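Down below is the structure, laid out as structure tokens.
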Amino acid sequence: MTLVQVRKHALSLPGTTEEPHFDRTSFRVKGKIFVTARLSESHIHVFVPEEVREPALAMHAEFVSRLLWGGKVVGLRVELPRARADAVRDLIEQAWSSKAPKGRGMAGPRRWST
């Protein structure tokens, strides 16, 4: 999967905007960041809820690792060249769903799928 594909998928989700975030680009819904990327790198940071992280790490250890900030796990780092596109899309949707306001046509959290 490529960053172009990540961008296209993220922006297809309701209410998503792309905005700068320091030296990265970020994808947000109602101002809340759910994915960040640096154009010069081959990975993305996906801010999925805690209940999604461990299953994703177990199922996709070949391309997913913990994203740490201040010693705390805050999301997942996804290595795009090795990643399965369907899994990346699912993680992006999980992250979006956890940040999107509930109601008004925006779906609530989904269960993690394999």
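The values are calculated or read from the model by the stated rules, or taken from the named source; none is laboratory data. Here the structure is a predicted model, which is why all the values come from computation and not from measurement. Cβ sites come from the backbone with ideal geometry, for glycine too, and all protein chains shown count toward neighbours. Quick note on the areas: whole protein, heavy atoms, side chains included, nothing else; ligands and nucleic acids left out. Shrake-Rupley method; radii C 1.70, N 1.55, O 1.52, S 1.80 Å.
Some notes on this structure:
- Filter result for A87 (over 17 Å from K99 (Cβ atoms), in a loop (DSSP other than H, G, I, E, B), modelled with pLDDT of 95 or more and among the hydrophobic types (A, V, I, L, M, F, W, C)): no
- R82 vs. criteria closer than 23 Å to L11 by Cα and loosely packed, with under 14 Cβ neighbours inside 10 Å: yes
- Screening R53, R77 for residues that are in contact with a Lys or Arg (Cβ under 9 Å, 6 or more places away or on another chain), assigned to a strand (DSSP E or B) and either closer than 26 Å to K102 by Cα or open to solvent by 20 Å² or more (accessible area, probe 1.4 Å) (or both) leaves exactly one candidate, R77.
- Test set (1) over 13 Å from the mean Cα position of the chain (by Cα); (2) within 23 Å of F63 (Cβ to Cβ); (3) among the small types (G, A, S) - A37 fails condition number: (1)
- Residue match in the stretch 36-43 (condition: open to solvent by 30 Å² or more (accessible area, probe 1.4 Å) and aliphatic (A, V, I, L, M)): yes
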